[in-house]
Amino acid sequence: MHDDRNLVEARLERVLRERIRPAVHPVTTPLTVEIWSTPDEPVPVAEGLAAPTRPIAPGTPWGTPWGTSWFKVTGTVPAEWAGRTVEAVLDLGFTPRTPGFQCEGLVYRPDGTPVKGLHPRNTYVRVGSPVAGGEQVHWRVEAASNPDLDASGVPFQPTPMGDRATAGDAPQYVLGELRLAVFDETVWNLVMDLEVLGELMAELPVDGARRWEILRAVGAALDAVDLQDVGGTAERARSCLA
């Protein structure tokens, strides 16, 4: 029985990571991205919005320790996405381990109105629900390249990265993908259900009846998901968890 439990838990994490979470945004298109790094900080928002930018591509290092960069993010919602919910997914190069003690961002409209913050567990910005198709996306992102002070796995240890005077000027992050994406709310709900139940199982007694009930339900849900059509079978899988 313990082997069965371990197999289901391992399968849950693998299927979530490889198939179900990616299906939350099943269709994507890249955004155009440019960058300006401040020579010093802080700078007023108006200066960051008006600063000259240069193109930057995913995979490019950016951000000196404790520095600030401003990203210009633009794009157009494809006409064929009309009637669907669309988000921008903006990966600044986050370390997935935890929010805080790493890079973070604040999204602005062109007029300087703040939209929302960005961190590794919250990388989306809603464009429309539903969209008409053809909407123009134009945002600026004020991004702080705070060093990842927990990278060694031993937090709160003395490090030269903790002081700007000793941290050097090597880029701290590598820009990830910034893209427009269709958002599938049913798949997102399935992800939330499975994640919460997985976390609950981890807290329950190993041989407790409730843990085994959840384990069986999670196994049935995973069996119900067609991994070639996650969006089309997500609601069926959720019904196994009710």
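The values are calculated or read from the model by the stated rules, or taken from the named source; none is laboratory data. As the structure is a prediction and not an experimental result, all values here were calculated from the model. As a convention, Cβ positions derive from the backbone with ideal geometry for all residues, glycine included, and neighbour counts pool all protein chains shown. SASA here: full protein model, heavy atoms, side chains in, ligands and nucleic acids out. Shrake-Rupley method; radii C 1.70, N 1.55, O 1.52, S 1.80 Å.
Any residue that is surrounded by fewer than 16 Cβ atoms within 10 Å (Cβ to Cβ) and hydrophobic (A, V, I, L, M, F, W, C) - is there at least one of those in region 229-236?
no
Given (1) out of contact with any Asp or Glu (no Cβ under 9 Å at 6 or more places or on another chain); (2) in a loop (DSSP other than H, G, I, E, B), identify the lone condition not met by residue 213.
In the conditions (1) out of contact with any Asp or Glu (no Cβ under 9 Å at 6 or more places or on another chain); (2) in a loop (DSSP other than H, G, I, E, B), residue 213 misses (2) alone.
Would you call residue 137 touching a residue at least 60 places away in the same chain (Cβ under 8 Å) and assigned to a helix (DSSP H, G or I)? Walk me through how you get there before you give the answer.
Numbers: touching a residue at least 60 places away in the same chain (Cβ under 8 Å): yes; assigned to a helix (DSSP H, G or I): no.
Against the criterion (touching a residue at least 60 places away in the same chain (Cβ under 8 Å) and assigned to a helix (DSSP H, G or I)), residue 137 does not qualify.
With respect to the numbered conditions (1) open to solvent by less than 60 Å² (accessible area, probe 1.4 Å); (2) farther than 18 Å from residue 26 by Cα; (3) touching a Pro at 6+ places or on another chain (Cβ under 8 Å), which one is the sole condition not fulfilled by residue 133?
That leaves (2) as the condition not met.
Which of the strands (runs of 3 or more DSSP E) contained wholly in region 44-128 include at least 2 residues that are touching a residue at least 12 places away in the same chain (Cβ under 8 Å) and crowded, with 17+ Cβ neighbours inside 10 Å?
Values: elements: 67-76, 86-90, 104-108, 114-118, 124-128.
Result: 67-76, 86-90, 104-108, 124-128.
Are any of the residues in region 11-25 closer than 21 Å to residue 123 by Cβ, outside any helix (DSSP H, G or I) and in contact (Cβ under 8 Å) with a residue 40 or more places away in the chain?
Yes: one or more hits.
Out of all the residues in region 33-51, is one or more acidic (Asp, Glu) and within 23 Å of the chain's Cα centre (by Cα)?
As a first pass, look at region 33-51 and keep what is acidic (Asp, Glu): 34, 40-41, 47.
Those left that are additionally within 23 Å of the chain's Cα centre (by Cα): 34.
Yes, region 33-51 has at least one match.
Which numbered condition trips up residue 147, out of (1) surrounded by fewer than 17 Cβ atoms within 10 Å (Cβ to Cβ); (2) within 25 Å of the chain's Cα centre (by Cα); (3) assigned to a loop (DSSP other than H, G, I, E, B)?
Of (1) surrounded by fewer than 17 Cβ atoms within 10 Å (Cβ to Cβ); (2) within 25 Å of the chain's Cα centre (by Cα); (3) assigned to a loop (DSSP other than H, G, I, E, B), only one is false for residue 147: (1).
Within the group 117, 93, 133, which residue is within 12 Å of the chain's Cα centre (by Cα) and at positive phi?
Working: 117 fails: at positive phi; 133 fails: within 12 Å of the chain's Cα centre (by Cα).
Of 117, 93, 133, the one residue that is within 12 Å of the chain's Cα centre (by Cα) and at positive phi is 93.
Can you give me the number of residues within region 163-191 that are open to solvent by 50 Å² or more (accessible area, probe 1.4 Å) and assigned to a helix (DSSP H, G or I)?
Selection size over region 163-191: 2.
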